[in-house]
Amino acid sequence: MKPILSKAQLDYMKAKTKFEERAKVMEKKIELARESHGNVTQEIMEGLVVETGFHDSFNDMTAAENNLIQWSHTTIKHDKTYKDNKNEIDMMYSTLHSNPEMRARIIQMAMKIR
């Protein structure tokens with residue numbers, strides 16, 4: 001039986017998939033630019049970022065991550081584990097903007113919430 005996912009989880013999965021697809025396209029375009037120009041300048045790179053939609057997909061993924069994190073923090077507040085470890089969990093969430101590893105851990109945890 002398939003797990004039921006929240007809208008925040010589904011939106012994150014969709015945004016992440018789109019970002020990964022755009023990143024692959026971007027990598028191929030960079031490779032082609034290297035072959036034809038030898039060196040990829042900042043100007044070429046900026047053009048490729050816009051042309052491939054990489055920037056937009058990155059922004060969409062970041063927004064989806066933020067929504068997922070906010071949803072998970074709200075959702076876990078109803079869980080007994082949260083009530084028993086409120087200070088530690090709130091500390092985790094308070095450091096997610098300054099600690100990329102913590103942000104990644106919270107996102108992983110949020111995707112496991114059912």
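What follows is calculated from the coordinates using simple rules that are stated; it is not laboratory data. Just so it is clear, the structure is predicted and the values come from calculations on it, not from any experiment. Cβ atoms come from the backbone with ideal geometry, glycine included; neighbour counts cover every protein chain shown.
Points worth noting:
- Under the criterion of Cα pairs below 8 Å and six or more residues apart, the relative contact order for the range 24-114 equals 21 percent.
- The GNM of the chain, with springs linking C-alpha atoms under 10 angstrom apart, assigns the highest mean-square fluctuation among Leu48, Leu68, Leu32 to Leu32.
- Cα gyration tensor, the range 63-114 - rounded (a/c under 1.5), prolate or oblate: oblate
- Entries of Lys16/Lys112; Lys80/Lys112; Lys2/Lys24; Lys7/Lys112; Lys14/Lys112; Lys77/Lys112 with Cα pairs more than 19 Å apart: Lys2/Lys24
- CD proxy at 222 nm, helix term only [per DSSP H run n ≥ 4: -39500 (n - 2.57); per residue of the chain; nearest 500]: -26500 deg cm²/dmol
- Mean-square fluctuations from a GNM of the chain, with a 10 angstrom spring cutoff on Cα atoms, peak among Ser72, Ser57, Ser98 at Ser98.
- Debye log10 I(q)/I(0) for the chain, one point scatterer per Cα, at q = 0.16, 0.23 Å⁻¹: -0.80, -1.20
- Per residue, the average separation of C-alpha pairs within less than 8 Å and at least 6 apart gives the range 1-77 a relative contact order of 45 percent.
- Phi to ³J(HN,Hα) by Karplus 6.51 cos²θ - 1.76 cosθ + 1.60 over the range 12-22, Hz, x for Gly, Pro: 5, 4, 5, 5, 5, 4, 4, 4, 4, 5, 5
- Within straight-line cross-link reach of Lys29, lysines at Cα separation under 18 Å, skipping those fewer than 8 residues along the same chain: Lys18
- Leading residue at positive end of dipole, the chain (Cβ point charges), from Ser36, Tyr82, Gln9: Tyr82
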